[in-house]
Every structure is written in C-alpha cells, then in structure tokens.
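Worksheet: the structure to be examined is printed underneath.
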Amino acid sequence: MVSPIITPNGSPVQGPLGLLAKAAWQVLLIAGLASLALGIVVLVWPKQTLLVVGILFGVYLLIIGIVQLVAAFGTHATTALRVLAFISGAICVLLGLLCFRSAAQSVLLLAIWIGIGWLFRGITQLAAAISDETMPARGWQVFAGVANTLAGVLLMVWPAGSITALTVLAGCWLLILGLIEIVTAVQIHGRAKEIPSGV
C-alpha cells in the first residue's frame, strides 16, 4: 500500500488526479441538481416556462435580424446576397418584435419554427437514405427521416398542443438526466476517496 504524502501541518497532499476527481464529482452534482430543479420547474409551471422560452426566442430573432441587417450593408457580399440578407433580417426583426407584443404568439411562432426545421431535416434524411444504398444504418435513417417529417408536420398543424407536450417531455427528461448525474456524482465521489494522496 502507498503511504500518504503529508504536508507540514499534518494533512495529506492531494495530487492532480485527486483534485480532478474532486472537481468532477462536484461539477456533476451541481449539474444534476440544476437539471432536477429545472425539470421540476418545467413540470410544475409548463405554461410559464413556455412564456419565458417564447420571450427568449423573441430576443434570439431580434439579435439574428439585426446581425443580418448589418451584414446586408457589408461590401464583401454580392448585391443579390445583400438583398436576401436585408429581407431575412427585416423579417427576423419583425417576428422578434411580434414575440414581445404577445407571449402566446411567440410560443406559436417557436413551434412553427421548430416544425419547419424538423420537416426539412426529415425530408433531407429520407432523400439521403433512399438515394444512397450503401449508407450505414440505412433503415434507421429512413425511420428517423419519417419520424422527423411527421413531427414537423404535427408541430406546424397543431403548434400549441405539440409545444406543450414537448415541454412536458423536456421536463421529464430533465428529471431523469438530473437523477442520473447525481447518482454518477456520488459514485465518482466514492471512488475519488480511494485515490492515494499525491496521485
């Protein structure tokens, strides 16, 4: 057995591995507790959580719109790209301002935005899987493409109900993730005690 390295005041010296293990379990524990708390908040107050997300989405659209408007007046791009950047930026700013006018509108806009993203991703996955017979896990890619396409259509057709269901699912996932992280942190803490001093 390795004898511990002792400092002049009588406490054992902790080496880099011991310090890393100590920091790792503490960070993981904090992350787990934060996930758990956020999951509880989302499940207890799903509507209020959605309103906060809607406002943050409005802030995001506003910032992206301003960046695109600034880029539209840059000299490095062609005229066509500058016109597209200006139109896209103006639309983002307008949609961002609409989000601040009504939190409910921002939540619906967010649901439609996510729906469009999932729809395009699903169609792209399906097209790639169908056109390439040598693609690894091709069946799973087709399944994921169909699932993403259907989820995108569902969000676009029924945005309010879909986004509420997603919020509840996100809350459940955060609870599970938080519990897993807390258990892992406790296990790391137990193993960190077995690391000899000075290592």
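The values are calculated or read from the model by the stated rules, or taken from the named source; none is laboratory data. Quick caveat: nothing in here was measured; it's all calculated off a predicted structure. Positions of Cβ are generated from backbone atoms using ideal geometry, with glycine treated the same way; all protein chains shown enter the neighbour counts. Just the protein is used for accessible areas: all its heavy atoms, side chains included, with ligands, DNA and RNA removed. Shrake-Rupley method; radii C 1.70, N 1.55, O 1.52, S 1.80 Å.
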For the charge dipole of segment 52-198, defined by +1 on Lys and Arg C-beta atoms and -1 on Asp and Glu C-beta atoms about the Cα centroid, which residue among 171, 84, 189 has the Cα displaced farthest towards the positive pole? 84
Segment 46-121 versus segment 170-186: alpha-carbon centroid distance in Å: 32
For segment 39-178, with every protein chain kept in place, what is the accessible area per residue (1.4 Å probe, Å²)? 62
Normalised radius of gyration for segment 80-130, please: alpha carbon Rg relative to 2.2 N^0.38 Å, two decimal places. 1.50
Need one number: nm distance between label points at residue 144 and residue 191, each 7 Å from Cα along Cα→Cβ, rounded to one decimal. 2.8
Cα gyration tensor shape for segment 33-182, rounded if a/c is under 1.5, else prolate or oblate: oblate
How large, in percent, is the carbon and sulfur part of the accessible surface of segment 91-161 at a probe radius of 1.4 Å? 75
Please compute the modelled spin-label separation between residue 172 and residue 45, points set 7 Å along Cα→Cβ, answer in nm with one decimal. 2.3
